[in-house]
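The values are calculated or read from the model by the stated rules, or taken from the named source; none is laboratory data. The structure displayed is predicted, hence computed values, not measured ones. When we count neighbours, we look across all protein chains shown, and the Cβ atoms used for this are built from the backbone with ideal geometry, even at glycine. These area figures cover heavy atoms from the full protein model, side chains too; ligands, DNA and RNA do not enter into them. Shrake-Rupley method; radii C 1.70, N 1.55, O 1.52, S 1.80 Å.
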Amino acid sequence: MKRILIILILLNAFSLGSYPNRNARGEVSENYIQAQGIVDIKLPKMQFREKEPISAVLSVRNTGNEVLRIFPYGKDLRSFQVIVRDEDGRTVTRIEEERKQDPVLRRRNKVENLVGDEVKEIILHKDETFSKEIRIDHLYELEPGKKYFVTAYFYPNISEYGDHFVRSESHPYFSVEERKKDWVLPGVPYQDPATDGLEPEEVIHLFLGAEKKKNWKLHFKWIHFPEYIQAYDRFARDWQQSEEAEKDFVLEEFRNYLAENRSGMLQYYKILGTEKVNSNLSKVRVAVERRVNKVPVRYEYEFTLRRMPEENGMFWKVANLLAKVRK
């Protein structure tokens, strides 16, 4: 009889322990991250320029039927970590000094609910995914000309179980391209286009080269439209007479006109000379050949470029155009 009671007690204890814990709603609250959670990390591309921001997206996906519970630790979500190694498998040195957080962007770096409170728990149901973007260049000292491999480590509850983590299935790699300076003449200081801007002649090369390749997005990038549109009589009148709310429609029609090659297909161009009027105004003369109805026509263009302020510095923009036919 005693043996039967002992067996029943053991079976009862075993059966109670076999059921997962459930919350007040009857939902399973066990953390099944190792059994049904997939951790992945992705990079937007494999090659980055020197000093270009390098971001990785770490994601956790619930592939099972039970609920996954995640407990982010700290305002910077240290539950999501990345390790960067070089080609020899050595871990790259981390940046010791912690970057100061911009108070304006502070809310973007936190996981918050709809009322603005920081989230203490994240619940993932079946096929749901939670992602976190991480700036790798803010964490590690990366050298140009090298290849790096990235591995993600996810800690579901790092505050209570610091040794419990899941490693990402993917280990993407990327490289940082070294900025080329071999085209710079001896004795001429290197200029960074992002800060120092391009010279007027270089802008015209990019401007006409983009038209020849029909890369209209790059072509329009170098135009100061409020002035440039005045060089075309048909659109100048509409631009001047239109209300502020209608100017966008006029500009859109003007862009379509430029992209349709109504003045002929650009076949050839050669820069003849540059004249600097003042520090913010320059003129560039260009010999141009276009094909109109299969007939070649030669022009001489005089572009007026004005130096305009942009977010990353001062840049030359095409502000006006004078054209005459060459014999």
Inset, instruction - Could you pull the accessible area for Arg135 with a 1.4 Å probe, rounded to 10 Å²? - result: 80
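Which of the peptides 239-245, 265-271 is most tightly packed, and how do the rest follow, judged by the mean count of other Cβ atoms within 10 Å per residue?
Put in order of decreasing packing, that is 265-271, 239-245.
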Inset, instruction - Holding the Cα-Cα limit at 27 Å, pick out from Lys213/Lys324; Lys217/Lys270; Lys51/Lys212; Lys42/Lys212; Lys276/Lys324; Lys42/Lys126 the pairs that are longer than that. - result: Lys51/Lys212; Lys42/Lys212
Legend entry - Nearest-10 value in Å² for the accessible area of Arg94, using the 1.4 Å probe: 120
